[in-house]
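The values are calculated or read from the model by the stated rules, or taken from the named source; none is laboratory data. Just so we're clear, the structure is a prediction, and the values are computed from it rather than from any experiment. Here the Cβ is made from the backbone with ideal geometry for all residues, glycine too, and neighbour counts use every protein chain on show. Accessible surface areas use protein heavy atoms only, side chains included; no ligands, DNA or RNA. Shrake-Rupley method; radii C 1.70, N 1.55, O 1.52, S 1.80 Å.
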Amino acid sequence: MKQGRVTITTRRTMELVDITSSLHHDIAQAGCGPGLCHISSPHTTAGITINEGADPAVARDIIAGLKKIVPLDYPFEHGEGNSAAHIMTSLTGISVQLFYDGGSFQLGTWQRIFFCEFDGPRTRGVRWLMVEERP
Ligand code: ZN
């Protein structure tokens, strides 16, 4: 098994950041062979999801849709004022698993891996763990 961590600097309160290339780079540097990669966020107000990366409007629409589902002005109890971000994180989840082979994730044509910032801007970290096939 090999593991690593990718740092992400977000620029907006809410945004989806394509981290596919950063992860590819980090995993290639670690010299990983084929296997199953677990990618996980340790944050309570930021998630991870896989969706279309070809049209950047899709990522913006996901944020717009989440804002529609979770009203930012709802009178939540949590004192930090970021309850919507906590709820959105539970909706997206904080981890994904992907097959990795031939130097890249086995993604569909339009799929990319997104870090989902819901309470930024901040500096964040995402961990990956590669369970490599036995030779
Ligand atoms: Zn909070």
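The residues neighbouring Val58, those whose beta-carbon lies less than 14 Å from its own, together hold a net charge of -3 under the Lys/Arg +1, Asp/Glu -1 convention. For the set Phe115, Phe76, Phe99, the ranking by accessible area, highest first and with no ligand, DNA or RNA atoms included, is Phe99, Phe76, Phe115 under a 1.4 Å probe.
How much of the accessible area of the stretch 2-132, in percent, comes from carbon and sulfur atoms when a 1.4 Å probe is used? C and S fraction of accessible area: 50 percent.
Measuring with a 1.4 angstrom probe and ignoring ligands and nucleic acids, Arg60 comes out at about 140 Å² accessible. Using alpha carbons only, how many angstrom separate the centre of the stretch 71-135 from the centre of the stretch 10-59? Using only Cα atoms to place each centre, the spacing works out to 7 Å. Could you work out the relative contact order of the stretch 1-133, using alpha carbon pairs under 8 angstrom and six or more residues apart, expressed as a whole percent? With pairs under 8 Å counted, the relative contact order is 54 percent. Per residue, the accessible area of the chain comes to 57 Å² when a 1.4 Å probe rolls over the protein heavy atoms.
Dividing the summed helix terms, -39500 (n - 2.57) for each DSSP H run of n ≥ 4, by the number of residues in the chain produces a 222 nm estimate of -7500 deg cm²/dmol to the nearest 500.
Please give me the summed charge of the neighbours of Thr10: other residues whose Cβ is under 15 Å from its Cβ, Lys and Arg +1, Asp and Glu -1.
Combined, the nearby Lys, Arg, Asp and Glu give +1.
Binning the alpha carbon pair distances of the chain at 5 angstrom intervals from zero yields the distribution 2, 10, 20, 22, 18, 12, 8, 4, 2, 1, 0, 0, expressed in whole percent.
Relative to the longest principal axis of the Cα atoms of the chain, the long axis of helix 20-29 lies at roughly 40 degrees.
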